[in-house]
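Asker: The structure is given below, and queries will be raised subsequently.
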Amino acid sequence: MKKWLAYLLMTVLMVTSVPMAASAASTDKPALKGKVVVIDPGHSEKGNKGKESVSPGSKTMKIKDPGGAVGVRSKTPEYKINMAIALKLKKRLESQGITVVMTKTKDSENPGNQERAEIGNSHHADLVIRIHADSATNQEVHGSTMLVPASVGYAKPIAATSRKYGESIQKTLVGTAGMKNRGIVERKDLTGFNWSKVPVVLAEVGFLSNPQEDLKLNQPSYQEKIAEGLEKGIVQILQ
């Protein structure tokens, strides 16, 4: 009788343990759950000629959005490239368990750079990544540059961390997309940097003024490579 009861008890424990294990597995959370990334697709369809202060307390005023570059061959406006990459990156980061906040989701939306920065501040973002495409008078210039805040003024508290993050993301971006690495550039004149209270970087993902790079930036497969490179770097810094 005792053997039979012991056997019965063991059987019950085995049966009841199965749904418990399954339940535990189903509630597992991704490692990056709770991390917040703000994605800022640069520029907009109509731009924004309004003025805003370049930094808190500054009397220097800048146009909120003078408009972006245009593809030398494709004639595609920069804001379309930026948004396409941003949406691909959003999907990738969310699959990692990261909470993603967009500064804008439509090309017609035209917030100023201070407003974009405040979105990152209000969400206490672990990172704000601004996505842009570049342009130059010399059509042979190509590759990616990562812009980061200079350690001046209001950007001092976030400058060192932003640079560290920018270096990591730049490395995975150029490695994954196979583009020229134009390095890290510190900027003290960008409103979106100066108003930010959280780490922020700006990825220039290629030159629309370069005929070959312009055409590549218009390819969804290449945009996906860029998004993948940005994702890899972001995941690395947030782990």
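The values are calculated or read from the model by the stated rules, or taken from the named source; none is laboratory data. A quick note: this is a predicted structure, and the numbers were derived from the prediction, not measured. Glycine gets a Cβ as well: all are built from the backbone with ideal geometry, and neighbour counts include every protein chain shown. Calculation scope for accessible area: heavy atoms of the full protein, side chains included, ligands and nucleic acids excluded. Shrake-Rupley method; radii C 1.70, N 1.55, O 1.52, S 1.80 Å.
Asker: Taking interchain pairs and intrachain pairs at least six residues apart, which have beta carbon atoms under 7 angstrom, with the first residue in the stretch 81-93 and under 19 Å from Lys232 (Cβ atoms) and the second open to solvent by 10 Å² or more (accessible area, probe 1.4 Å) and charged (D, E, K, R)?
Answerer: Lys88/Glu224; Leu89/Glu231; Arg92/Glu228; Arg92/Glu231; Leu93/Glu231
Asker: Among the residues of the stretch 110-138, write down those that are acidic (Asp, Glu) and either under 14 Å from Ala203 (Cα atoms) or surrounded by fewer than 16 Cβ atoms within 10 Å (Cβ to Cβ) (or both).
Answerer: Listed by number, the list holds a single entry, Asp134.
Asker: Follow-up. Does Leu202 count as within 19 Å of Asp40 (Cβ to Cβ) and either modelled with pLDDT of 95 or more or not in a helix (DSSP H, G or I) (or both)?
Answerer: Yes; evaluated as a whole, the condition is true for this residue.
Asker: Collect the residues in the stretch 160-192 that are among the aliphatic types (A, V, I, L, M) and part of a loop (DSSP other than H, G, I, E, B), keeping them in residue-number order.
Answerer: Within the stretch 160-192, Met179, Leu190 qualify.
Asker: Pick from Met179, Met146: which is open to solvent by less than 30 Å² (accessible area, probe 1.4 Å) and free of Cβ contacts under 8 Å to residues at least 40 places away in the same chain?
Answerer: Met179
Asker: Give the residues of the stretch 51-66 that are in contact with a strand residue (DSSP E or B) (Cβ under 8 Å, 6 or more places away or on another chain), surrounded by 14 or more Cβ atoms within 10 Å (Cβ to Cβ) and not acidic (Asp, Glu), sorted by residue number.
Answerer: Within the stretch 51-66, Ser53, Val54, Lys62, Ile63, Lys64 meet the criteria.
Asker: Here are the criteria: (1) in a strand (DSSP E or B); (2) open to solvent by 20 Å² or more (accessible area, probe 1.4 Å); (3) hydrophobic (A, V, I, L, M, F, W, C). Tell me which single one Val141 does not satisfy.
Answerer: That leaves (1) as the condition not met.
Asker: Okay, moving on. All but one of (1) part of a helix (DSSP H, G or I); (2) modelled with pLDDT of 95 or more; (3) surrounded by 18 or more Cβ atoms within 10 Å (Cβ to Cβ) hold for Gln212; state the number of the condition that does not hold.
Answerer: (3)
Asker: Then there's this: Please tell me if Val70 is modelled with pLDDT of 95 or more and more than 21 Å from the chain's Cα centre (by Cα).
Answerer: In short, yes.
Asker: Something else about it: Identify all residues within the stretch 158-182 that are among the β-branched types (Val, Ile, Thr) and under 12 Å from Ile237 (Cα atoms); write none if there are none.
Answerer: Thr161, Ile169, Thr172
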